[in-house]
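Report on the following structure.
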There are 2 protein chains.
Amino acid sequence: MVRTVFYISDGTGITAETLGHTLLTQFPRVTFQTISLPFVNTPEKIDRVIQRINRTADREGLVPLVFSTLTSPALRMRLTMCRGSVFDFFETFTGPMEEVMGVTSSPVTGRSHGMGDPGDYSERIDAVHYTMQHDDGSAFSDYSKADIIITGVSRTGKTPTCLYLALQFGVQAANYPLTDEDFERGELPQILEPEKEKLFGLTVGAERLYQIRQERRANSVYASMQQVRKELRAAEDLFRRKKIPFLNITHMSVEEIAASVMQRADLKRKI
Amino acid sequence: MVRTVFYISDGTGITAETLGHTLLTQFPRVTFQTISLPFVNTPEKIDRVIQRINRTADREGLVPLVFSTLTSPALRMRLTMCRGSVFDFFETFTGPMEEVMGVTSSPVTGRSHGMGDPGDYSERIDAVHYTMQHDDGSAFSDYSKADIIITGVSRTGKTPTCLYLALQFGVQAANYPLTDEDFERGELPQILEPEKEKLFGLTVGAERLYQIRQERRANSVYASMQQVRKELRAAEDLFRRKKIPFLNITHMSVEEIAASVMQRADLKRKI
């Protein structure tokens, strides 16, 4: 059974997609086809959306699911005329919230992520640029400005985790890749010693890392099970000896890794 | 009036935060203090959360708002015992969805972002690495593998937009910074000619760019109003002459820019 789902929004649609997608995961036996329709902000655009929903209903003989984060009451009202089953995010929650707080709400579009204002924007852009300039463990890195330094062997998710921390939380996240050189010395590089408290390690199951590296450079020494095991063992040894907190990311998404790092390193979001 | 808001989740809490934050923006006259409590996945942890909510209610003499994306029905039930006003995203919508579709839901944690599986993970990581390697417009860039090439003058949001496209949508986004050299030639660099259809321009109001560049390098020629105006005019001229679609990002957040680019360039998300 395939069911069509529409995400309707007068902004980016990110909130509607987040809500809808989260709810759809609770129905693992249903296959969904999703259609995102952002920036629906005039009566004319709503009418075209309604026609599209109705054509889908006719063609499929099934009621489409419609997740809406329209903020304008007039557009919301109009959307209820479609032949889909509308789940209206604002309609559902703002009424009860008004009651609890004893104040009325005002429809506000496009502020959903609260990152539009110049202050937040600068924090975030600065964090992204810092993170990109401190991604390679180069000797010229200025770790004193880092909020956190993610470390681990090659292909353990350091870069995407750092970028996610920068983009979502405005955190200046540097990244130091551990190599055989570090393991032979058995010590952290000199440059990291004064910033030891900021280090956070990532590790991963050997099978998974083997698979990831094989996709990159099949049949290389780098991707061999022997090398993978050796590096992971040495990295975890170093984390323990140096009392660096670390996380095994084998079964985690980038979001989960970033959220866990924020929590375990007790970092404050800056945006 | 300051009101305390709790985001409770058995996963990362990102969905609870996104949804809650969107609702809070509809109450611009209320000041909120938000507390995020992720990974609440046992009865013991729920009980500590309840105690914390109740202490807040006592201290403030106001009912705290509690946004929950707990998936386990048992934990959800337990949370209703707190003295906050609980807005339960799953409870609210899964019942009506079951009715419409005639199927029952199964509680699933941590799949909210659907990026946990190896296929998605690889797409996303590959996109992030591609984007980072194609951020500087270097002559060695391989634009043939790009899904989109974002261009514009310095500090118009190209890098964060590309990274957001890569992280959120798995899109391979390259970035080509326009400089005086390009403007003097009045042409796109040779390397971009075969990929012209993939180009997408970003521009920004002169006042805003002036402000952003002054924060970087105050009193430099680079940050002068004259230089800013000259570059923006030349870039927009080039976009028009070469029929490159472009977007003015002055009042947009990174999410909005990325969503607009996806829509206007008709890009398909890969994750």
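The values are calculated or read from the model by the stated rules, or taken from the named source; none is laboratory data. Keep in mind the model is a prediction, meaning the values are calculated, not measured. Because the Cβ atoms are built from the backbone with ideal geometry, glycine has one as well, and the counts that use them run over all protein chains shown.
Observations
- Filter pass, B:T94 being surrounded by 15 or more Cβ atoms within 10 Å (Cβ to Cβ), within 11 Å of chain A (Cβ to nearest Cβ) and either assigned to a helix (DSSP H, G or I) or at positive phi (or both): yes
- Pairs where the first residue, in segment A:224-241, is touching a residue at least 40 places away in the same chain (Cβ under 8 Å) and the second is among the hydroxyl-bearing types (S, T, Y) and not in a helix (DSSP H, G or I), C-beta under 9 Å, 6+ apart: A:E231/A:S154; A:E231/A:T179; A:L232/A:T156; A:L232/A:T203; A:A235/A:T151; A:A235/A:T156; A:A235/A:T203; A:L238/A:T151
- Qualifying residue in segment B:46-61 (condition: at pLDDT 95 or above, hydroxyl-bearing (S, T, Y), touching a Leu at 6+ places or on another chain (Cβ under 7 Å) and within 20 Å of A:V100 (Cα to Cα)): no
- Qualifying residues in segment B:144-155 (those that are out of contact with any strand residue (DSSP E or B) (no Cβ under 6 Å at 6 or more places or on another chain) and more than 14 Å from chain A (Cβ to nearest Cβ)) - the one surrounded by the most Cβ atoms within 10 Å (Cβ to Cβ): B:V153
- Of A:A57, A:A74, all but one fail to be free of Cβ contacts under 8 Å to residues at least 40 places away in the same chain, of a type in the set (G, A, S) and surrounded by fewer than 16 Cβ atoms within 10 Å (Cβ to Cβ); the exception is A:A74.
- Members of segment A:126-135 found to be part of a loop (DSSP other than H, G, I, E, B) and facing chain B (nearest Cβ under 10 Å), listed by number: A:D135
- For beta carbons closer than 8 Å, sequence separation of 6+ or different chains, a first residue in segment B:249-271 that is within 21 Å of A:T34 (Cα to Cα) and more than 7 Å from chain A (Cβ to nearest Cβ) and a second that is surrounded by fewer than 16 Cβ atoms within 10 Å (Cβ to Cβ) and at pLDDT 90 or above, the qualifying pairs are B:R264/B:P245; B:A265/B:P245.
- Number of positions in segment B:140-155 that are touching a residue at least 40 places away in the same chain (Cβ under 8 Å), farther than 29 Å from A:E256 by Cβ and outside any helix (DSSP H, G or I): 7
- Scanning segment B:167-217 for residues that are within 14 Å of chain A (Cβ to nearest Cβ) and free of Cβ contacts under 8 Å to residues at least 24 places away in the same chain returns B:E207, B:Y210, B:Q211, B:Q214, B:E215, B:R217.
- Qualifying residue in segment A:193-208 (condition: under 17 Å from A:T159 (Cα atoms), modelled with pLDDT under 90 and touching a Lys or Arg at 6+ places or on another chain (Cβ under 8 Å)): no
- Selected residue (criterion: farthest from the other protein chains (Cβ to nearest Cβ)) from residues of segment A:60-82 that are charged (D, E, K, R) and more than 15 Å from A:I35 (Cβ to Cβ): A:R78
- Qualifying residue in segment A:82-89 (condition: at pLDDT below 90 and surrounded by fewer than 16 Cβ atoms within 10 Å (Cβ to Cβ)): no
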